[in-house]
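A short worksheet on the structure shown next.
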Amino acid sequence: MIQPGNWDDAPNMERPPPARTHTWRQGSTGPGSARPPRARVTLRATSDQIAEARRFLTGFVADPALAGDAALCLSEVATNAVVHSNSRGAGGRFTVSAQLHGDGVLRIEVEDQGGRWVERAKPEGQRHLGLMIVRELASAWGIEGDGSAHRTVWFELRPPRAAVPSAA
C-alpha cells in the first residue's frame, strides 16, 4: 500500500505528464492543431463539489463504460484533494483536467494546492482505499509536483475492449 509522502513506491507510472503551458480544446488552431480534445474546470475544495467534478467529467466522456471508471477514480482523487491537501483551507480550490487522446486513452489530472497530506483517522478495520482503486482501474497513474505550492495526481484509462464472441 502506498503511504502519503512515499510516492516513489507508486506503480504504473508509465507516461510522463503533458506540458502544463497550454490548454488545448478540440478545434484549436495554430501550430500542431491536431491536439486531442481537452477540458478543465476549477472548483471550490468542498465535499459538495466532488459531484460537480463527476458531472463535468461524465459530460466530457462519451463512452459510458469509460465514464463510469473515470468518475470513480476522479471521486477518489478529488476527495483526497479536498480532504488531505492545503486546498481544504478557506477559499481552497482544485482543478480537474480531462484529455482524450486519439488512441482512446483518457487522461485525468487533479491539481490541488499542495501541502503535507493530513491523514484522517479511520475506524478500526477500515483502510484508505482511494489510491488502491485508482491503481486497479487505471492503465497508468502518478503524482507530480513538489507538494509545497501544488500537487497534481493524474491517471489514464483505456477504453474497454469489445467483447469477442466465442465460437460455439
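The values are calculated or read from the model by the stated rules, or taken from the named source; none is laboratory data. None of the values given here were measured: they were computed from a predicted structure. All Cβ positions, glycine included, derive from the backbone under ideal geometry; neighbour counts span all protein chains shown.
Some points to look at:
- Screening the candidates Leu131, Leu157 for the property of being surrounded by 12 or more Cβ atoms within 10 Å (Cβ to Cβ), at pLDDT 80 or above and closer than 22 Å to Pro37 by Cβ yields one hit, Leu157.
- Pro37 under 14 Å from Thr152 (Cα atoms) and either modelled with pLDDT under 95 or surrounded by 17 or more Cβ atoms within 10 Å (Cβ to Cβ) (or both): no
- Residue among Gly102, Gly59, Gly68 that alone is under 20 Å from Arg38 (Cα atoms), at pLDDT below 90 and surrounded by fewer than 18 Cβ atoms within 10 Å (Cβ to Cβ): Gly102
- With respect to the conditions (1) hydroxyl-bearing (Ser, Thr, Tyr); (2) within 19 Å of Gly145 (Cβ to Cβ); (3) surrounded by fewer than 20 Cβ atoms within 10 Å (Cβ to Cβ), Ser85 lacks only one, and its number is (3).
- Residue, modelled with the lowest pLDDT, within the stretch 109-128, restricted to residues that are more than 19 Å from Val41 (Cα to Cα) and of a type in the set (A, V, I, L, M, F, W, C): Val118
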